[in-house]
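Right, one structure below, let's go through it.
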Amino acid sequence: MQQQSKHSSSPLLTLPGAVPAEGADDGVAAHYGELFREQRALADGTGFVDLSHRGVVTVSGDDRLSWLHLLLTQHVSELPAGQATEALVLSANGHIEHALYLVDDGETVWVHVEPGTQEALIAYLESMKFFYRVEVADRTAEFAVVHLPAGSITTVPDGVAVRETAHGRDVFLPRKDLESFASANGPAAGILAHEALRVEAHRPRLGFETDHRTIPHELGWIGTAVHLQKGCYRGQETVARVHNLGKPPRRLVFLHLDGSEVHLPAHGTEIRLAADGPEGRKLGTVTTSARHHELGPIALAVIKRNVPLDAQLLAGTTAAAQETVVEP
């Protein structure tokens, strides 16, 4: 998984019932004592999620959109102000290195990224500036990301950058205002509730669904983060070749896990055919698992492309029924 954030812990960890998250989400709350209540609140469009551990990067200057267009998988050269999008940075071989969630406010592109990855992203961007009129800045110390669920009627402070998508709004809130925002707009929901709804929506996350050889086609990022009618960017040849051949080596699946299990299969748990038992051939791994307030235990997994669509699987020793996310 991703490296842990280097930023200090969120002040919202002092809220009643807060239990700190671990691993990649260290620094914010896993939950505030009532996981399913927090999930239901988000599903109903109330509350917010503290994502203040995520990295925040800005790109300003007259050439910001045309320059980013040359580097990212997404078409952003004519991105309208206020329109949210997402994009990837690929290696020369087409493997995913960074996932960017961005919006342009008319003067500046605001980006949030996985905790602890902003420094590497900025180093890459700085190396590609050349003669372009752009300024790249790490704003993580100044701004915290707060997520408002779809349907939320919470008022966002004036002058604050906001990414609005079908899944809700990501607010780039001044970090100094985080506690006052929380007190006015609760209840807070932890990262586990946010992750459960992400898994339900089949949305991949860098460092969870990805490894060093993941290509966008395997996770369904084609269409949401990759524009197939543009070239120029690093790794574009791999994207075009795999798209034309239609045969990525692996595919993302959604799993309904046996609800009788006490423990969720961890990230990296091996997937096998149920018919072959726990000693069978490895077909893939669990990438994210969660307890959902309606669906019960669920997971995302990345498995070999040629696994039959109707195959019953085992996640470790847990029975798992698959739903197709990425067509083979």
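The values are calculated or read from the model by the stated rules, or taken from the named source; none is laboratory data. Just so it is clear, the structure is predicted and the values come from calculations on it, not from any experiment. Ideal geometry is used to build each Cβ from the backbone, glycine not excepted, and the neighbour counts take in all protein chains shown. Note: accessible area is taken over every heavy atom of the protein model, side chains too, but ligands, DNA and RNA are not part of it. Shrake-Rupley method; radii C 1.70, N 1.55, O 1.52, S 1.80 Å.
Which whole-number percentage describes the relative contact order of the range 54-189, with Cα contacts under 8 Å and a sequence gap of 6 or more?
Result for the range 54-189 is 26 percent.
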### Summary
Residue separation between Gln312 and Leu13 times 0.36 nm, minus their alpha-carbon distance, gives in nm 103.6 nm
## Note on the structure
In the neighbourhood of Val111 defined by beta carbon distances under 12 Å, the net charge of the other residues (Lys, Arg +1; Asp, Glu -1) is -2
### Query
Considering the chain as a Gaussian network with a 10 Å cut-off on Cα pairs, which listed residue, Asp258, Asp158, Asp105, attains the greatest mean-square fluctuation?
Asp158
#### Entry: Highest average packing first - 182-191, 139-148, Cβ atoms within 10 Å
139-148, 182-191
### Query
With every protein chain present, what is the per residue accessible area of the chain (1.4 Å probe, Å²)?
43 Å²
### Message
When only alpha-carbon atoms are used, what values of Rg and Dmax, in angstrom, describe the range 243-328?
### Response
12.5, 43
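Using unit Cβ charges (K, R positive; D, E negative) and no other charged atoms, how large, in debye to the nearest 20, is the dipole of the chain about its Cα centre?
Charge dipole of the chain: 800 debye, to the nearest 20.
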### Query
For the chain: lysine pairs with Cα atoms under 22 Å, gap of 8 or more or different chains, count?
6
## Note on the structure
HN-Hα couplings for the range 315-322 via Karplus (6.51, -1.76, 1.60; θ = phi - 60°), in whole Hz with x for Gly/Pro, come out as 9, x, 10, 9, 5, 9, 9, 9
### Query
HN-Hα J couplings of the range 221-228 from phi, Karplus 6.51/-1.76/1.60, θ = phi - 60°, integer Hz, Gly and Pro as x?
7, 5, x, 9, 10, 10, 9, 7
### Query
For Leu245, what accessible area in Å² do you get when you roll a 1.4 Å probe over the heavy atoms of the protein chains, rounding to the nearest 10?
120 Å²
### Task
Quick one: grab the alpha carbon gyration tensor of the range 55-138, order the square roots of its eigenvalues as a ≥ b ≥ c, and give me rounded if a/c is under 1.5, else prolate or oblate depending on whether a/b is larger than b/c.
rounded
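Calculate how many DSSP beta bridges within the chain are antiparallel, expressed in % of all such bridges and rounded to the nearest 5.
Of those bridges, close to 95 percent are antiparallel.
Taking the Cα centre of the range 249-327 as origin, work out the dipole magnitude from +1 charges on Lys and Arg Cβ and -1 charges on Asp and Glu Cβ, in debye rounded to 20.
Details: 8 positive and 9 negative charges, 74 e Å.
Taking the Cα centre of the range 249-327 as origin, the dipole is about 360 debye.
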### Task
Mind listing the long-range amide H neighbours of Ala29? Cut-off is under 5 Å, sequence gap 5 or more, other chains count too, H placed in the peptide plane at 1.01 Å from N.
Ala21, Ile191
### Message
Sequence gap at least 6, Cα distance under 8 Å: using those rules, report the relative contact order of the chain to the nearest whole percent.
### Response
19 percent
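So if each residue of separation counts as 0.36 nm, and I subtract the Cα-Cα distance between Glu22 and Glu164, what length gain in nm does that give?
Between Glu22 and Glu164, full extension yields an extra 48.4 nm.
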### Summary
Counting Lys and Arg as +1 and Asp and Glu as -1 over every other residue whose Cβ sits under 10 Å from the Cβ of Ala81, the net charge comes to -3
### Query
From the backbone phi of the range 244-252, what are the Karplus-calculated ³J(HN,Hα) couplings (6.51 cos²θ - 1.76 cosθ + 1.60, θ = phi - 60°) in whole Hz, Gly and Pro given as x?
6, 7, x, 9, x, x, 9, 8, 7
### Query
Given [x] 64, 43, 40; [y] 58, 54, 31; [z] 59, 51, 31 as candidate values of Cα extents along the principal axes in Å, which corresponds to the one derived from the coordinates?
[z]
### Message
Run through the range 224-317 and list the GluC sites (Glu not before Pro) located in a DSSP loop whose Cβ has at most 12 other Cβ atoms within 10 Å.
### Response
Glu279, Glu294
